[in-house]
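Peer 1: Attaching a single structure in structure tokens format; questions to follow.
The values are calculated or read from the model by the stated rules, or taken from the named source; none is laboratory data. Note that this is a predicted model, so its numbers are computed, not measured. All Cβ positions, even for glycine, are placed from backbone atoms using ideal geometry, and neighbour counts span all protein chains on display.
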Ligand SMILES: Cc1cc2nc3c(=O)[nH]c(=O)nc-3n(C[C@H](O)[C@H](O)[C@H](O)COP(=O)(O)OP(=O)(O)OC[C@H]3O[C@@H](n4cnc5c(N)ncnc54)[C@H](O)[C@@H]3O)c2cc1C
């Protein structure tokens, strides 16, 4: 029998699964199709899953702050029991250094407006609260092959912004599984190990075709294909009609042991060190997980074919990130063998996602997540479901953007902020900080 659904969702990463749950709650018969064997097996599984609110725009801060509430309320939000248990929210707090990037200044304005809980630390408080940090300013970010990297720093950082409610999710793949199961309880279905090779259309979207030739019909198709988003948009013939595009960017994350005398796993903070162009957070086994905040000196490796990229950690990037973290936490011992993971970000032209409809009626997208939208997955699920439902009921989102009331914070998000047809947002950090 020919398969059909009310909405086909391409991808079962954390956002694809969240869109399914929220649509299924609204009565849509959803079908997620993923070419991998289980939910969250793609880039989601390699996510650092950091949950923090320091974005450059009001909209970015608002969405992420709303996300805190979902993660804190996770089992209750999902409203069922998962046989594998629930992903845990580790609210270790975030230390955002005041650096010459000026990022903290933009952030503070929005924190005040949105009443995000924070503490403004001066340099003495920073040194007191995190005594194992070297609080010197090393600006600008450099790589260890630059002689200036090794020069003695004279100045100190002016302080930091501490956000107590933020942290990270301990198991991003399990979080996706939780969402899959929650969607299934509401009638959603998931089809794994199946690749979509065509989007069928005839004036509006008709459905998809799989690599085995099977055709599945649906009046709604949602592109949540992560770094393959541009491939899917091309298949649907909508890419050329968009002002903002998406591309796949290779990203390395490394793991180093914390110093023996620091219980970083249980007492450490997630830290955004714009002064050196890195972020790091606690990882189980008293380790430190460290990634790049994309400073100019770090090379960007754009990937044309998202199924073909080098998954091996490179010595150069390992040294850059690990030496930087060892400069900030002087007790860190550098292991002989590099350890880490490599995966792809789906980056938009201004590092702000596209959550939108398309020029093809019935075809929607939640793409361009730019290495920073794991935290927002449940909020995006809610926003996309409201947007799809409103458009399917006749609202012209392009001229009359859908306004989405959020359940926890009670404020309203303007879904038009994430339009595919916006101008490049000049306030963006143009980095993983969004
Ligand atoms: C290394 C790394 C670190 C990150 N750290 C953070 C962080 O600390 N905090 C944060 O908030 N965000 C972070 N992110 C970003 C975050 O993980 C992503 O924004 C999020 O996981 C995206 O989820 P998704 O559901 O959109 O897509 P993905 O997880 O990319 O899933 C897309 C799915 O689509 C499937 N697919 C693609 N094409 C097809 C096709 N043709 N047919 C069938 N299936 C298809 C793929 O198999 C895949 O499973 C990080 C990302 C990476 C890579």
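Peer 1: Within the stretch 310-353, track down each residue that is more than 14 Å from the ligand (Cβ to nearest atom) and either within 27 Å of residue 384 (Cα to Cα) or out of contact with any strand residue (DSSP E or B) (no Cβ under 8 Å at 6 or more places or on another chain) (or both).
Peer 2: Across the stretch 310-353, the qualifying residues are 315, 316, 319, 323, 327, 330, 331, 336, 337, 349, 350.
Peer 1: If you don't mind, another one. Could you grab me the full set of residues in the stretch 291-332 that are under 19 Å from the mean Cα position of the chain (by Cα) and surrounded by fewer than 18 Cβ atoms within 10 Å (Cβ to Cβ)? Outline the logic, then answer.
Peer 2: Of all residues in the stretch 291-332, those under 19 Å from the mean Cα position of the chain (by Cα) come to 291-295, 300-303, 306.
Those that are under 19 Å from the mean Cα position of the chain (by Cα) and surrounded by fewer than 18 Cβ atoms within 10 Å (Cβ to Cβ): 300, 301, 302, 303.
Peer 1: Of 307, 396, 356, which residue is farther than 25 Å from residue 432 by Cα and either modelled with pLDDT of 95 or more or within 14 Å of the ligand (Cβ to nearest atom) (or both)?
Peer 2: Numbers: 307 fails: farther than 25 Å from residue 432 by Cα; 356 fails: farther than 25 Å from residue 432 by Cα.
On inspection, the qualifying residue turns out to be 396.
Peer 1: Another question about this same structure. Any idea which residue in the stretch 359-378 is nearest to residue 167 (Cα to Cα), counting only those that are away from the ligand (no atom under 11 Å from the Cβ) and touching a helix residue (DSSP H, G or I) at 6+ places or on another chain (Cβ under 7 Å)? Reasoning before the result, please.
Peer 2: As a first pass, look at the stretch 359-378 and keep what is away from the ligand (no atom under 11 Å from the Cβ): 359-364, 378.
After this cut, where a residue has to be touching a helix residue (DSSP H, G or I) at 6+ places or on another chain (Cβ under 7 Å) as well, the list is 359, 364, 378.
Details: 359: 38, 364: 31, 378: 16 Å.
Looking at the filtered set, the residue picked out is 378.
Peer 1: Just to be sure I understand, how many residues within the stretch 334-381 are in a strand (DSSP E or B) and closer than 19 Å to residue 317 by Cβ? Walk me through it before giving the result.
Peer 2: Of the stretch 334-381, the ones in a strand (DSSP E or B) are 340-348, 354-357, 361, 363-367.
When the remaining residues are screened for being closer than 19 Å to residue 317 by Cβ, the result is 340-345, 347.
Final tally of qualifying residues: 7.
Peer 1: Do we find that residue 195 is within 15 Å of the ligand (Cβ to nearest atom), at pLDDT 95 or above, under 24 Å from residue 370 (Cα atoms) and buried (at least 21 other Cβ atoms within 10 Å of the Cβ) in this structure?
Peer 2: No; evaluated as a whole, the condition is false for this residue.
Peer 1: In addition: Evaluate the following for residue 384: is it under 19 Å from the mean Cα position of the chain (by Cα), in contact (Cβ under 8 Å) with a residue 40 or more places away in the chain and assigned to a helix (DSSP H, G or I)?
Peer 2: Details: under 19 Å from the mean Cα position of the chain (by Cα): yes; in contact (Cβ under 8 Å) with a residue 40 or more places away in the chain: yes; assigned to a helix (DSSP H, G or I): yes.
Taking the combined requirement at face value, the residue satisfies it.
Peer 1: In addition: List the pairs whose first member sits in the stretch 43-69 and is closer than 16 Å to residue 345 by Cβ, whose second member is assigned to a loop (DSSP other than H, G, I, E, B) and near the ligand (Cβ under 8 Å from one of its atoms), and whose Cβ atoms are under 6 Å apart, counting only residues at least 6 apart or on separate chains?
Peer 2: Partner pairs satisfying both residue conditions: 44/13; 47/374; 49/374.
Peer 1: Scanning the stretch 1-22 for residues that are at pLDDT 95 or above and more than 14 Å from the ligand (Cβ to nearest atom), which turns out surrounded by the most Cβ atoms within 10 Å (Cβ to Cβ)? Don't jump to the end; show me each part of the working.
Peer 2: If we filter the stretch 1-22 for residues that are at pLDDT 95 or above, which is where we start, we get 3-22.
After this cut, where a residue has to be more than 14 Å from the ligand (Cβ to nearest atom) as well, the list is 3-7.
Values: 3: 15, 4: 14, 5: 23, 6: 18, 7: 25.
Checking each candidate, the answer is 7.
Residue-wise test of (1) in contact with a helix residue (DSSP H, G or I) (Cβ under 7 Å, 6 or more places away or on another chain); (2) surrounded by fewer than 17 Cβ atoms within 10 Å (Cβ to Cβ); (3) more than 20 Å from residue 117 (Cα to Cα).
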residue	(1), (2), (3)
49	yes, no, yes
67	yes, no, no
78	yes, no, yes
95	no, no, no
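Peer 1: For the stretch 220-290, list the strands (runs of 3 or more DSSP E) that sit wholly inside it and hold at least 1 residues that are touching a helix residue (DSSP H, G or I) at 6+ places or on another chain (Cβ under 7 Å) and near the ligand (Cβ under 10 Å from one of its atoms); which are they? If you could, list the steps in order and put the result at the bottom.
Peer 2: Numbers: elements: 220-223, 246-257, 270-273, 278-283.
Of the strands (runs of 3 or more DSSP E) lying wholly inside the stretch 220-290, those with at least 1 residues that are touching a helix residue (DSSP H, G or I) at 6+ places or on another chain (Cβ under 7 Å) and near the ligand (Cβ under 10 Å from one of its atoms) span 220-223, 246-257.
Peer 1: While we're looking at this one, here's another question. Residue by residue through the stretch 1-40, note down the ones that are within 17 Å of residue 229 (Cβ to Cβ), within 18 Å of the chain's Cα centre (by Cα) and part of a loop (DSSP other than H, G, I, E, B).
Peer 2: 11, 12, 13, 40
Peer 1: In the stretch 171-183, is there at least one residue being surrounded by fewer than 19 Cβ atoms within 10 Å (Cβ to Cβ) and away from the ligand (no atom under 14 Å from the Cβ)?
Peer 2: Within the stretch 171-183, not a single residue is surrounded by fewer than 19 Cβ atoms within 10 Å (Cβ to Cβ) and away from the ligand (no atom under 14 Å from the Cβ).
Peer 1: Restricting attention to the stretch 121-137, does a residue exist that is surrounded by 15 or more Cβ atoms within 10 Å (Cβ to Cβ) and within 16 Å of the ligand (Cβ to nearest atom)?
Peer 2: No, the conditions are met nowhere in the stretch 121-137.
Peer 1: Given (1) at pLDDT 95 or above; (2) more than 21 Å from residue 281 (Cβ to Cβ); (3) in contact with a helix residue (DSSP H, G or I) (Cβ under 6 Å, 6 or more places away or on another chain), identify the lone condition not met by residue 115.
Peer 2: Of everything listed in (1) at pLDDT 95 or above; (2) more than 21 Å from residue 281 (Cβ to Cβ); (3) in contact with a helix residue (DSSP H, G or I) (Cβ under 6 Å, 6 or more places away or on another chain), residue 115 misses just condition (3).
Peer 1: Among the numbered conditions (1) crowded, with 21+ Cβ neighbours inside 10 Å; (2) closer than 26 Å to residue 387 by Cβ; (3) within 16 Å of the chain's Cα centre (by Cα), tell me where residue 238 comes up short.
Peer 2: Just one mismatch for residue 238, condition (3).
Peer 1: Check off (1) within 8 Å of the ligand (Cβ to nearest atom); (2) assigned to a loop (DSSP other than H, G, I, E, B) for residue 44 and give me the number that stays unchecked.
Peer 2: All conditions are met except number (2).
Peer 1: Kindly indicate the residue of the stretch 67-100 that is in a helix (DSSP H, G or I) and within 13 Å of the ligand (Cβ to nearest atom) and also nearest to residue 372 (Cα to Cα) among those meeting that condition.
Peer 2: Our first condition is that a residue be in a helix (DSSP H, G or I); within the stretch 67-100, this holds for 67-72, 74-78.
Cutting the leftovers down to within 13 Å of the ligand (Cβ to nearest atom) gives us 67-68, 70-71.
Working: 67: 12, 68: 14, 70: 16, 71: 15 Å.
Ranking the qualifying residues of the stretch 67-100, first place goes to 67.
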